[in-house]
Amino acid sequence: MYPEQAPHVPAQRAVEVHQPTPYPPAAVVSAPVVPVQPNAVPAVASIVLPDGRVVTGYAIEPTRPEPVAAKPAVSRTAVNVALGGAGFLAVCGGLVLLTSFIAALTAFITQLIILAAVIFGGWIAVQIFSTRGHQGGTTVNIRKAVIKRNHFHG
């Protein structure tokens, strides 16, 4: 058998109690008192405690944090230069877009004109080179002296 599985009686343990050790009070070293004349005599306040004692003393004003240094104002010249630069870039961008639009429109109109010329030219070519005979109208064949209108056959 393993020792962990052997039956055993719990042993009583000795309890050790630790008591805190107080530190001796720190020696207060006071700075030499230098008499200073206050600018104004502060008001003296008296407070009556619940047990009847009266505490008299000067009111202590809460410490105020140092004011944060104000951010320097941005000069109007710098603002005007920045806005002028932004406006100039916007105008240049608009002119580039306008130029691109005009070039694209010109190319589109040119392609439409070429397409119309090809279609119309093709129609004319079909009319000229068609093999079907003339059906009606005036036929003049000068070499054979055939004139249909006047019924002259020679």
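What follows draws every value from the coordinates through simple rules; no lab data is involved. Computed from a prediction, not measured in an experiment: that's the story for all the values here. Neighbour counts are summed over all protein chains in view; Cβ atoms, including those assigned to glycine, are modelled from backbone coordinates with ideal geometry.
The slack between VAL15 and THR77, meaning 0.36 nm per residue of separation minus the straight C-alpha distance, is 14.1 nm.
Simple spin-label estimate for VAL48 and ILE60 gives 2.5 nm between the two label positions (7 Å along the Cα-to-Cβ direction from each Cα). For VAL91 and ALA70, the difference between the fully extended length at 0.36 nm per residue and the C-alpha to C-alpha distance is 3.9 nm.
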